[in-house]
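Undergrad: For reference, the structure I am asking about is given below.
The values are calculated or read from the model by the stated rules, or taken from the named source; none is laboratory data. In this text, all values refer to a predicted model and were calculated from it rather than measured experimentally. In this analysis, Cβ positions are derived from the backbone assuming ideal geometry, glycine residues included, and neighbour counts consider all displayed protein chains.
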Amino acid sequence: MSGEDRTGLYVESTIIMTTVRVVAPFVLTFALFVMFHGANSPGGGFQGGVIAGSVIMMLAFAYGIDSAREWVDVRVVTALASGGVLLFAAIGLGTILLGGNFLEYHLYERFLSHATAYGIELVELGIGGIVASVAIGLFFLLAAGYGHAVDTPEAEE
Amino acid sequence: MTLTLIEAALLVFVLGCALGAALLQDVLASVMAFAAYSLGVSIIWVILEAPDVGLTEAAVGAGIMTILFLLALANTVRPQEDRILERVRFRTVAFVGAFVLVMLATVPSLPAIGAEGAANPVVSGEVTQYYLANAYEQTEVHNAVTAVLAAYRGFDTLGEAVVVFSAGVAALTVLRQEVFA
């Protein structure tokens, strides 16, 4: 089921490649806008992360999943996922160390002004990192398929 | 409440797509109907003035889910059948019908759209009013939804983020991979 069938997934099309090349930067910018500006407009980490993840999927559809897999650094994806969780938890637990409750942002005020706004922004970024990397990861995992994954575990290094 | 033409058209579209997703024999057509359903629902969210939910529905429901479904289809065998619609079984109809009835029974207890004051306990409730009155002062963000998500209910959101992370880890485990690639 894997090998020959999977190569049939990709159809090289000038129209798709050109469209994606033009649209991708704007989609990524929009994703970052939704993530960063989520505090003052609709959106936030979850939505921005999903849109950022979809940029990689667009590239994969235009240039082939295998090329996209080679282009995306696995370590970055993994680091984003676990780093997001760690960042969120660290910000939350940090206020407990300062003598307050979980996520009591204004305790950071002694280190920098507008700490609450920056804290929320950082938390949103952490969420965005988790969601984007897990979306990208699930995409690549599903594209590889079960049989493929078991057959060649060392080929993905 | 009275429906505008756009709202009525959207509701008909969403119901049609939902029926299509359930009844179409071809799985690919089902996935497409489901994506259209999500897109319609996301526009309904925007009309109901819940743009945060609308954005999520459009990005996750219509976007990522469709792509993941398509990938799953590409990796499996799609049976070719001549019939357009699924064969409907009486037991399924009875079960789904009972479920829909239960869901519909909760609708009358929801406040009318746009209702204010005592007629709408969701809006006039103490908690909602507290968030709306104090969110900017206490959290320095204008979007009250973000204030609730990241500050007031931050612990819940950490849980949600960890759930997403766990989903990724679970997928890796099930597929016996060590890295996302």
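Undergrad: Scan segment A:92-103 for residues that are crowded, with 17+ Cβ neighbours inside 10 Å and either more than 16 Å from A:V123 (Cβ to Cβ) or at the interface with chain B (Cβ under 9 Å from one of its Cβ atoms) (or both) and jot them down.
TA: Within segment A:92-103, A:G92, A:L103 meet the criteria.
Undergrad: Just to be sure, is B:T173 farther than 18 Å from A:L93 by Cα and loosely packed, with under 12 Cβ neighbours inside 10 Å? Quick ask: steps written out before the conclusion?
TA: Numbers: farther than 18 Å from A:L93 by Cα: yes; loosely packed, with under 12 Cβ neighbours inside 10 Å: yes.
Considered against the rule, which asks whether it is farther than 18 Å from A:L93 by Cα and loosely packed, with under 12 Cβ neighbours inside 10 Å, B:T173 comes out as yes.
Undergrad: List the number of the failed condition for A:V123; all other conditions in (1) of a type outside the set (F, W, Y); (2) at pLDDT 90 or above; (3) in contact with a Lys or Arg (Cβ under 8 Å, 6 or more places away or on another chain) hold.
TA: Only one criterion is unmet by A:V123, namely (3).
Undergrad: Which one is modelled with the lowest pLDDT among residues in segment A:137-154 that are in a helix (DSSP H, G or I) and more than 7 Å from chain B (Cβ to nearest Cβ)? Write out each step before concluding.
TA: Filtering segment A:137-154 for residues in a helix (DSSP H, G or I) gives A:137-144, A:146-151, A:154.
Then drop every residue that is not more than 7 Å from chain B (Cβ to nearest Cβ), which leaves A:144, A:147-148, A:151, A:154.
Values: A:A144: 81, A:G147: 56, A:H148: 53, A:D151: 46, A:E154: 49.
Restricting to residues being in a helix (DSSP H, G or I) and more than 7 Å from chain B (Cβ to nearest Cβ), the top hit is A:D151.
Undergrad: From the list B:L19, B:L71, B:L28, B:L15, pick out the single residue that is surrounded by 14 or more Cβ atoms within 10 Å (Cβ to Cβ) and either without any contact (Cβ under 8 Å) to a residue 60 or more places away in the chain or part of a helix (DSSP H, G or I) (or both).
TA: Numbers: B:L19 fails: surrounded by 14 or more Cβ atoms within 10 Å (Cβ to Cβ); B:L28 fails: surrounded by 14 or more Cβ atoms within 10 Å (Cβ to Cβ); B:L15 fails: surrounded by 14 or more Cβ atoms within 10 Å (Cβ to Cβ).
Only one candidate passes the filter, namely B:L71.
Undergrad: Also: For segment B:99-137, how many residues meet the condition of being aliphatic (A, V, I, L, M) and exposed (fewer than 10 other Cβ atoms within 10 Å of the Cβ)?
TA: Qualifying residue count for the region: 8.
Undergrad: For segment B:75-181, which fully contained helices (runs of 4 or more DSSP H) count at least 1 residues that are of a type in the set (D, E, K, R) and within 25 Å of the chain's Cα centre (by Cα)?
TA: Values: elements: B:90-106, B:121-124, B:126-139, B:144-147, B:154-174.
Correct list: B:154-174.
Undergrad: Among A:V123, A:V55, A:V76, which is the only one that is surrounded by fewer than 18 Cβ atoms within 10 Å (Cβ to Cβ) and not in a loop (DSSP other than H, G, I, E, B)?
TA: On the way: A:V123 fails: surrounded by fewer than 18 Cβ atoms within 10 Å (Cβ to Cβ); A:V55 fails: surrounded by fewer than 18 Cβ atoms within 10 Å (Cβ to Cβ).
The unique qualifying residue is A:V76.
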